[in-house]
Amino acid sequence: MKLYSVALSKLLLLSVSCLLIGCGGGGAAPAQSAASETSSFGTSSSPTTNTPDPNPDPDPDPDPDPDPSGTEDPQQGDEGSIEGLFRNTFANNFKVGGAVYADQLVGDHPDRAIVESQFNSLGSEYEMKADFIAPEEGVYNFERVDALVQYAEDNNMEIRFHALLWHESTPDYFLEGTPEEIKTRLESYITTVVTRYKGRIKSWDVVNEVVTVDSNASDPYRQSNWQAAVGSNDYIEWAFNAAHAADPDAILFINDYETEFPQKRAQYMQIIQELLDKGVPLGGVGHQFHLNVDIDPQEVLAAIDATDALFEDLVVHVTELDLSVYNDPGTCWHTQENCDADYGPELPDSINNKQARIIKTLFDGFVARPSVEMVHFWGVSDEQSWLNRSPVERSNFPLLFDRNYEPKTWFHAITDPDYVIPPE
Ligand code: XIL
C-alpha cells in the first residue's frame, strides 16, 4: 500500500544538510527543514513553524493560561472552562496526549497552553529519532529529549519514546559493515539511549513500521534498509533485547500504521506472534491510526480486538491518531500526484461533523477496551499537523484543536456526554 515514500531521498538530503549546516551539538535541523527542499513533504515553502528552539526552556512557566480555548462552544454552558477536561474525562481509562516538537512547549506558543491544560502524556514527532539523536557516529544530541522529559516530569505527564529503530530515520552509518558490526552499533545506540532515560520513560517504541508494504505478501516483514544490510529480520530482536537489557522494567512496543486494514493487521499479528514465540521481550502493541474521514471506526476498533484476542497480556497504545479530511488514492503518497483537491482554509461543517462522529465512536470504543492504556494524537492543533505538508501541501483538519487553537466539535463530542453532534 501507500504511505511514506519519503524515505531514502529525504534521509540522504538530511545527512547532507547535517554535514553542511551541522546536526551535531544540539543544533540539528528538523526533518522537515531538509524535507522542505525536496518533494518528499510536497513543499518548498513550509507554512509551519516547526523549527525547534535550539534551547528549549527546561523550566517552563508554571502558571500558563489554563484556558486555550478562546471562544466558547454554545453547548458548553456559562463556565466554558475546558481546563483538564480531556485528561480528566479518560483518567480512569487511559493516558491522553500527543506528539510535539520541543519548540511547541516554550514561551507563549498556543500549543503549550493546550498541552498543559489537556494532556497527561507526551511524545515527540521527530526529536527522539535516531537521525536526530545520533546523526554521526559518536555524536549524540540529547538536549531536546532531555528538555522534553524534564518538561513532562515538571507537568506530571508520562512520556512515550518514539522510536529507537525506524527505517526512515536511520542514519546511513548505522548500516555500514558486517551484520555483527551493525548489531554491535545498534546495541550500543539503544543501550546509551535507554540507559539515559531509565526509570523516567516507561513506554518505548522499539521498532517502527517493520511490516511489509505489500498487503498481499506472504512474508510479513518489510524489505527495508535494515533487512537488506543485516540479511535477515534479526535486527528486530536485537533491538528489543538491547532495550530490555538496559531497562528490564520498560514496556517495549512494536508500532505500525494501517493496522485498521485486515490484511496488514494479519501480517502485524504474525510478526508479533513470531517475536513472542522466540521469547523477545515485547510488552506492547502500538497502532498508529493515521486515519481518514472515510474510515469505518469499527474496523479501527477491530484492530485492537485482534490484539486483545491473541495476546491478552500485551498493552495497547494508540500512538499517532489523526483523521485526515482527504482519502487520496494510493499513488498520492508515493508520487504526490492525483491527490484530493485542497479544501482551503475553511472545512465544510458536514465534514467536520462526520469526523466528530468517527472520533466519538473511537473514544467510546477505546474506553470499552481495558487493554488500551494510552491514546496519543500526532500533534496538537490543525495548524501544525504534519498532514498540512504530507503528502502534499494543503490544508488539513485532522486534530482536536483548530487553526485558532480552539477545541473543535470533536473535543466536545468526546468530553461532554450530553453534547449532540450536529447532523451532517
Ligand atoms: C513524521 C513526522 O510527523 C514528521 O514531522 C517527520 O519529519 C517525519 O516523521 N509514521 C510515524 C511517524 O511513525 O514517525 C511519522 O512522523 C509519521 C508517520
Subject >> Under 5 Å, built H, 5+ apart or other chain: amide partners of residue 369 >> reply: none
Subject >> Part-to-part distance (alpha-carbon centres) for the range 375-424 and the range 112-149, which is given in Å >> reply: 23
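So between residue 337 and residue 202, what do we pick up on full extension, going 0.36 nm a residue minus the alpha carbon distance?
Numbers: separation 135, 0.36 × 135 = 48.60 nm, distance 4.05 nm.
Once the chain is fully extended between residue 337 and residue 202, it gains 44.6 nm.
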**OP:** Tell me the label-point distance for the pair residue 195, residue 178, using the 7 Å Cα-to-Cβ offset, in nm and rounded to one decimal.
**Re:** 2.4
Original post:
So for the pair residue 81, residue 218, with labels modelled 7 Å out along Cα→Cβ, what separation do we get in nm?
Top reply: 6.3
Original post:
Cα-based Rg of the range 154-200 per 2.2 N^0.38 Å, rounded to two decimals?
Top reply: 1.42
Original post:
What translational diffusion coefficient, in µm²/s and rounded to a whole number, does the Stokes-Einstein relation yield for the range 108-245 at 10 °C and a viscosity of 1.306 mPa s, taking the hydrodynamic radius as the Kirkwood radius over Cα pairs?
Top reply: 99
Original post:
Using a basic spin-label model with each label point 7 Å from the Cα along Cα→Cβ, how many nm lie between residue 277 and residue 308?
Top reply: 2.6
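Roughly speaking, to the nearest percent, how much of the range 209-325's 1.4 Å accessible area is carbon and sulfur? Show your work: numbers first, answer last.
On the way: 1830 of 3970 Å².
Roughly 46 percent of what the probe reaches on the range 209-325 is carbon or sulfur.
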Original post:
Which whole-Hz ³J(HN,Hα) couplings does the range 128-144 yield from phi under the Karplus relation 6.51 cos²θ - 1.76 cosθ + 1.60, θ = phi - 60°, glycine and proline marked x?
Top reply: 10, 8, 4, 6, 8, 6, 9, x, 9, 4, x, 9, 10, 10, 9, 4, 5
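Can you tell me how the range 298-424 classifies by the Cα gyration tensor, rounded, prolate or oblate, using a/c under 1.5 as the rounded cut?
On the way: a/c = 2.03, a/b = 1.31, b/c = 1.54.
Since a/c reaches 1.5 but b/c is at least a/b, the shape of the range 298-424 is classed as oblate.
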Subject >> Amide hydrogen neighbours beyond the local backbone of residue 121, cut-off 5 Å, H modeled >> reply: 96, 98, 158
**OP:** Enumerate the calculated ³J(HN,Hα) couplings along the range 105-117 in order (Karplus 6.51 cos²θ - 1.76 cosθ + 1.60, θ = phi - 60°), each rounded to whole Hz, writing x wherever the residue is Gly or Pro.
**Re:** 10, 10, x, 9, 4, x, 5, 4, 4, 5, 4, 6, 7
**OP:** Check the straight Cα-Cα distances from residue 264 and name the lysines below 17 Å, setting aside those fewer than 8 residues away within the same chain.
**Re:** 2
Original post:
³J(HN,Hα) across the range 251-260 via Karplus (A = 6.51, B = -1.76, C = 1.60, θ = phi - 60°), whole Hz, x for Gly/Pro?
Top reply: 9, 9, 10, 9, 9, 7, 10, 6, 6, 6
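If each residue of separation counts as 0.36 nm, what is the full-extension length gain between residue 156 and residue 298 once their alpha-carbon separation is subtracted? Before the final figure, lay out each step's value.
On the way: separation 142, 0.36 × 142 = 51.12 nm, distance 3.29 nm.
Answer, rounded to one decimal: 47.8 nm.
The values are calculated or read from the model by the stated rules, or taken from the named source; none is laboratory data. A quick note: this is a predicted structure, and the numbers were derived from the prediction, not measured. Neighbour counts run over all protein chains shown; Cβ positions are idealised from the backbone, glycine included. Just the protein is used for accessible areas: all its heavy atoms, side chains included, with ligands, DNA and RNA removed. Shrake-Rupley method; radii C 1.70, N 1.55, O 1.52, S 1.80 Å.
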